[in-house]
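Here the structure comes first, spelled out in C-alpha cells, and everything after it is commentary.
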Amino acid sequence: MEAENGEAKLASRGRGGLMRIETQKKSAAVCHDDSAPPVKAQTIDELHSLQKKKSAPNTPRTARTPGQGAGPKVVKGDPARKAEGQKVNLIYIASLASLTRETGPKVVKGDPARKAEGQKVAHSGHSIHDTFDISDSALKFTHVLYNLSPAELYEQAIKYEKGSFITASGAIATLSGAKTGRSPRDRRVVKDETTENELWWGKGSPNIEMDEHTFMVNRERAVDYLNSLEKQAIKYEKGSFITASGAIATLSGAKTGRSPRDRRVVKDETTENELWWGKTFTEQAIKYEKGSFITASGAIATLSGAKTGRSPRDRRVVKDETTENELWWGNSTLYGFTSRFSVYVNDQFLNWDPEHRIKVRIVSARAYHSLFMHNMCIRPNAEELEEFGTPDFTIYNAGQFPCNRYTHYMTSSTSVDLNLARREMVILGTQYAGEMKKGTGKTTLSTDHNRYLIGDDEHCWSENGVSNIEGGCYAKCIDLSKDKEPDIWNAIKFGTVLENVVFEEHTREVDYSDKGVTENTRAAYPIEYIPNAKIPCVGPHPKNVILLACDAFGVLPPVSKLSLAQTMYHFISGYTALVAGTEEGIKEPQATFSACFGAAFIMLHPTKYAAMLAEKMQKHGATGWLVNTGWSGGRYGSGNRIKLAYTRKIIDAIHSGTLLKANYVKTEVFGLEIPTEIDGVPPEILSPINTWSDKKAYNDTLLKLGGLFKKNFEVFTNYKIGTDNNLTEEILAAGPTF
C-alpha cells in the first residue's frame, strides 16, 4: 500500500530549482527496528576474530581426492573462452551514472580495453543541472558482473571479500562491517517542490531533509567509487566453480587421470635391492607395508599416510620460452593472481502483482550485497531480463566508501539518500545490507507450515488484493533453533546469506546464540526456500488485519478485537517496548512508538496511511486485531513471556473465524474487547489482571502505559484527516481513557 501510493503520487513528478535549505535538528523519536550500535571491534581484523569461535577441530583435517564421488560436470575446453558466452562478461559502461539506458547494459565480447581504440570517449562536467546528458561522470571501463547466480556470487565473495565463509549448512556467512543495523538518523530525502507538500516533515518524522545539490554530491561520490574499484591481488585457482547444488567443480588440466606409464624410479645400487622390480605388488605390500590388507573381495586395502589425495597446490611447472606458448597457463592446476575493476549489477523486480510491478537496478561493490538483493527481490527469468529495458528505480550501494562529513546536511560518515524525482537511492558509509530494503516484518509468526506464505514483510493492498513486494525473507536468527522455527532453520542452506553470525572455526557450525558480533544477526533467503510459499506471492483481499505489539509492561491482553477507530489509533501509535539488554543503559521496560509500525521507513504522514487502511478495511469487511507477544503476569523481569505456541493458536483462531464468534469482555483504560476463551490457550492469561498477584501494581502499570500512549499521540492530534475533524476526533476517542 505504501509503494502503491508512493508510485502513483511521487515517482513521476519533476523537480524545481531550490535555494539551499538549512538543516534543522530532528526528533530522535524514530523507529530503530533493526538498527544496532556499532560493534566494539577497533580494527577489521578484530571484527573478523569475533566471527569465528576458536575451537579444536573434532575431525581430522585431511585432503580429499579431487575425483572422489560423482564428480560435477565441467565445461568443455578453455574455461576462459567460455566466459564469452556466459553472464560473467566484461561490460562496457559509458558510465555507471547512465546505467538507466533503455536496453540495459551492453555486453561486449573480448577485452573491453581494446574496444576503446575504435571509439571516441566524451566527458561531461560535474555541474548540477535540471537535465542530465548521457553521462555526468567520467567514462570508465568497468568490469561489471551482471545478474550473477548465487553460485557465482559465492565464488566472488569467497575470493574477494574477507570475512566470507561457507557454513556447515551451505549458507554463506559474511560481515556487514561496523554497521550491523540500519542507520535511521543518517537517512536523507530530497525536499523539493513536490515532496515538500506530499511527505511528512517535522516533529516525529523519519524524513530528514536534504537538497538536490547535496544528493548529487553524494551520488557522484558513490558513482566515482563504483567506477574506480580495483580488487587487490588474491591468490586463487582458475577453473574452479561452485555449482548450483553447492558442489565445487574444477579442472585437472590436460591430464584427467593418473599417468602410470609415465612414472619413473631411479634404479641405483640402493634401490636395486630394496625396491621390488616386477609386475605384481600384492605380496610385497602385505609383507613390507604396515597397514596393507587383503579384503574379502580380494582387493588390497592400504593407507596413503597423511596425504589422502593429490597436492595440486604443491605442483609446479617450469615456465620457459617453450612451455610459455605450448602449455595452457591459468588452468586449475596452476596458480595466478588477478587484479581487476569490478562492480555487481542486478536487474530485478519488486511487487508480484504484474499491474504494480516496478523494475529496480542495484549497483553494488560487494558480492554479498548482490546476493542479498538477488534473494530479496523478485528474480526475472531469462526472457524478462532480455526485455528488462530502463529500470524504474536505481540503487547505488557504495557502502564501503564514506560520505564527506563536511558536506552540507551530513552528520556522520554514513548517509542513505533518496531522490524520488530521480528515482534513485545512494548509500555511503554503511555496508549493512538491510539499508537496501525498507520494511520491518514478522518472519517468525508469518512462517507457519499450516498456512501458505505470501511474504514476511512488505506488502501492497491494491484493488487486486494483497501482493508481496519482495521475493525473499529477512529473518532474525539470534537464538534460532530447529525445534522452535523448523522452516526458517531448514531455509538456511546453499544460497542463503547469514549476516554477522558467529560459527565454529573448523566445523563451520553456526552458534545462533552467540552475540559476539551483534544481537541483530540475520538470514536472507529466497521465499521459495519455505516449503509452503505461495508462488506467485499474491492473495485475495484480507478479512483480518493483525497488529502485533510486544508489551514488556505486561498489561495488554494476548489478543483484542478492535473497532475500526481503535485499529487506526493503534496502527498510528505502533507500540512496542524495549527491555533491559536490548540497548545499552536500559534497566527497565521502555515504551517505544513507531508510527504505522515502521516509522523509519514511511514517507507520508502516518494519518494518511491510517486513512487508506481504514478505507480498505471498510470496503472489504476486514476485522482489526491487536495481538500482544510480550509479557504476562507481571512486567519484564517478574512476569513471563507469552508462549509462541499460544500466539500461534490465537492467530489460527483469527484465521479460522472462530474468534469472531467468541464471547467478549471490555477492559478498563484501553477499552479493548478480549475473548473469554480460545482453544489451546489457558483462559486465565486472556485477561491480564488475572495473571498479576499484585492487583495494585497492575493498575498502576496500566495507567502508566495509558499515559505514555496519550503523550505519544499528541504529535498527531493537530493533523486533520479528511474534510472535517469527525474522523480525527473518532480516532482520538479510541485511545485510553481515565
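Read the figures in this text as sums done on the coordinates, not as results from a lab. Given the structure is predicted, the values throughout are model-derived calculations rather than measurements. Neighbour counts are summed over all protein chains in view; Cβ atoms, including those assigned to glycine, are modelled from backbone coordinates with ideal geometry.
Peptides 455-463, 537-545 ordered by packing proxy, namely the average of other Cβ atoms within 10 Å per residue, highest first: 455-463, 537-545.
If only the Cβ of Lys and Arg carry +1 and only the Cβ of Asp and Glu carry -1, the dipole of the range 543-738 around its Cα centre is close to 240 debye.
How would you order 208-219, 350-361 from highest to lowest mean count of nearby Cβ atoms within 10 Å?
Top of the packing list down: 208-219, 350-361.
Measuring nothing but how far apart in sequence close Cα pairs (under 8 Å, 6+ apart) lie, relative to its length, the range 543-738 scores a relative contact order of 28 percent. Which GluC sites (Glu not before Pro) in the range 638-738 pass both tests, a DSSP loop state and at most 15 other beta-carbon atoms within 10 Å? Passing sites in the range 638-738 are 668, 677. Based on the convex hull around the alpha carbon atoms, the range 543-738 presents an average projected area of 11.4 nm². I need the calculated FRET efficiency for the pair residue 482 and residue 684, taking r as the beta carbon distance and R₀ as 45 Å, to the nearest 0.05. For residue 482 and residue 684, the calculated efficiency is 0.90.
Charge tally around residue 619: other residues with Cβ under 13 Å, Lys/Arg +1 each, Asp/Glu -1 each, net 0.
Please sort by residue number the GluC sites (Glu not before Pro) in the range 504-564 whose DSSP state is loop and whose Cβ has at most 16 other Cβ atoms within 10 Å.
Loop-located and lightly packed - 505, 509.
Computed packing ranks the peptides 387-395, 374-382, 566-574 as 566-574, 374-382, 387-395, most packed first, by mean other Cβ atoms within 10 Å. Pairs from the list 203/666; 616/661; 191/616; 191/711; 438/616; 561/608 with a Cα-Cα gap above 25 Å: 203/666; 191/616; 191/711.
Taking 0.36 nm per residue of separation and subtracting the current Cα-Cα distance, fully stretching the chain between residue 661 and residue 355 would add 106.5 nm.
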